[in-house]
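Here's the structure we're looking at; comments come further down.
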Amino acid sequence: MASFGSGTLSIIRSATGTLIVIIGCRVTRRFTPGLRVDARNQAGCCYEGARTVKPAPLRYSRPGSTAEALALLASLGEDGKVLAGGQSLVPLLSMRLAAPEHLVDINRLAELGYVRVEDGQVRVGALARHAQVLADPAAAAAQPLLAKALRFVAHAAIRNRGTTVGSIVHADPAGEMPAVLAVLDGAVRVAHQGGERLVPAGEFFLGPLESAVEPAELAIEALFPVLPPAAGTGFAEVSRRRGDYAICGVAATVRLGDDGTITQARAGYLSVGPSPIVLDLTEAAAADGTDGFAAAADLARQQLDPEPDIHATADYRRHLAGVLTRRALLEALGEAQVRGRAGKNGAGRARPGGTAPEGPGGTASEGTASD
């Protein structure tokens, strides 16, 4: 096996030989002596000093502080692109669906790798990985919807590298975390050289893969409100295979009054529109009471207008939206009732993580691939 610098090596064997694809490194040993260098380069490989690689040519910087990163982004303007976890960006670069002039790698900014609960918010820094947020007991206790949704984000390997803030900024309408931020009325703190601004979730998602982060800006943290007493959350989604993008998903919240009646019911939807969609289902849910949320599910089906694609028809997505709305609201109601009783009895908060359903091996089923 040859030694080389940091990069990705893929070996694909077939009846006609072995194809070796290398991204971002120079091979120090000839792997396919029977092929000419120019032929290998035509296949998109970078061998023995050749310049062809999968991504389009770009410049790369790795600042050592947030101030340095903001100064660099300010100087680059629209030519700069931030790299954090890279679980969405790197595939886009490889397929040349994204071709930035300059890549700014923020992985040295250790000061942004935090998860904190303070001032009534769960604050997630720009370099906090999905797995870090998922494993944080204080965050799960303060806002159970985070852990419930993060269990559905892709696979463990992607959660170990991908960042929660990066997933939100990527603004994929099939991503779990944009829907969670939207249904909770969270916000994103965005910094630029000389200042910063707080962007509410309702103003953050502008369209498919488009957020309110401007050129020369850096999203430094996401803020998720702490769950109030006598309130609960639920999350449900359906995907074709474990780890795939969701065909439809629902994040729900329910709040109860002192008499145990529903005073607020909201649902955030993924994979049914160009950006996360939030519906206020309070009136329909209150009419349902605890009787299955049939009216709320019907209202959701009436208000959503999903697009068909190769994975599902619009009618099937609409049907799923109704079914998953009911499931998520029922889960949220159950958690709200438990938390409400615990508050009255002085027993403290409900169990961290809420009542998220578990899959094989004691972990919830995984659903979508995301940054």
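The numbers here are math on the coordinates, done by the rules we state, and not lab data. In this text the structure is predicted, and so the values were computed from the model without any measurement. Every residue, glycine as well, gets a Cβ built from its backbone with ideal geometry; the counts of neighbours run over all protein chains shown.
If one puts a single equal scatterer on every Cα of segment 114-254 and applies the Debye formula without solvent, what log₁₀ I(q)/I(0) results at q = 0.16, 0.20 Å⁻¹?
Taking Cα atoms of segment 114-254 as identical point scatterers yields -0.79, -1.26.
Could you order peptides 137-148, 295-306, 195-206 by the average number of other Cβ atoms within 10 Å of their residues, highest first?
By packing density, highest mean first, the sequence is 137-148, 295-306, 195-206.
With each pseudo-label sitting 7 Å past Cα toward Cβ, what's the residue 110-residue 79 distance in nm, one decimal?
A separation of 3.2 nm, rounded to one decimal place.
Could you calculate the FRET efficiency of residue 192 with residue 135 from 1/(1 + (r/R0)^6), where r is the beta carbon distance between them and R0 is 30 Å, rounded to 0.05?
Computed FRET efficiency for residue 192 and residue 135: 0.45.
Near the amide H of residue 82, under 5 Å away, which other amide H atoms are found, from residues 5 or more places off or on another chain, if H is placed in the peptide plane?
HN-HN under 5 Å from residue 82: 104.
Using alpha-carbon pairs under 8 Å, 6+ residues apart, how would you state the relative contact order of segment 55-226 in percent?
24
Arrange the peptides 149-155, 213-219 so that the one whose residues have, on average, the most other Cβ atoms within 10 Å appears first.
With the highest mean Cβ count within 10 Å placed first, the list reads 149-155, 213-219.
List, largest first, the extents of the alpha carbons of segment 231-355 along their principal axes, each in whole Å.
Principal-axis extents of the Cα atoms in segment 231-355, largest first: 51, 31, 22 Å.
Among 182, 199, 230, which residue has its Cα furthest toward the positive end of the charge dipole of segment 169-234, with +1 on Lys/Arg Cβ and -1 on Asp/Glu Cβ?
Final value for the positive-end residue is 230.
Can you tell me which of 245-252, 186-193 comes out highest on packing, and rank the rest after it, using the mean Cβ neighbours within 10 Å?
245-252, 186-193
Can you tell me the dipole magnitude for segment 231-355 around its Cα centre, using point charges on the Cβ only (Lys, Arg +1; Asp, Glu -1), in Debye to the nearest 20?
For segment 231-355, the charge dipole is close to 580 debye.
Which parts of segment 107-143 would a label at residue 342 reach, counting a residue when its backbone N lies under 13 Å from a point 7 Å out along Cα-to-Cβ?
138-143
In sequence order, what are the phi-derived ³J(HN,Hα) couplings for segment 165-176 according to the Karplus relation 6.51 cos²θ - 1.76 cosθ + 1.60 with θ = phi - 60°, rounded to whole Hz, with x for glycine and proline?
Once rounded to whole Hz, the list reads 5, x, 5, 5, 5, 4, 6, 6, x, 9, x, 6.
I need the phi-derived Karplus couplings for segment 75-87: 6.51 cos²θ - 1.76 cosθ + 1.60, θ = phi - 60°, integer Hz, Gly and Pro marked x.
Going residue by residue, I get 6, 8, x, 6, 7, x, 9, 8, 10, 10, x, x, 6 Hz, with x marking Gly and Pro.
Amide H neighbours of residue 263 under 5 Å, counting only residues 5+ apart in sequence or on other chains, H built in-plane at 1.01 Å?
Here the answer is 255, 256, 257, since their amide H atoms fall under 5 Å of that of residue 263.
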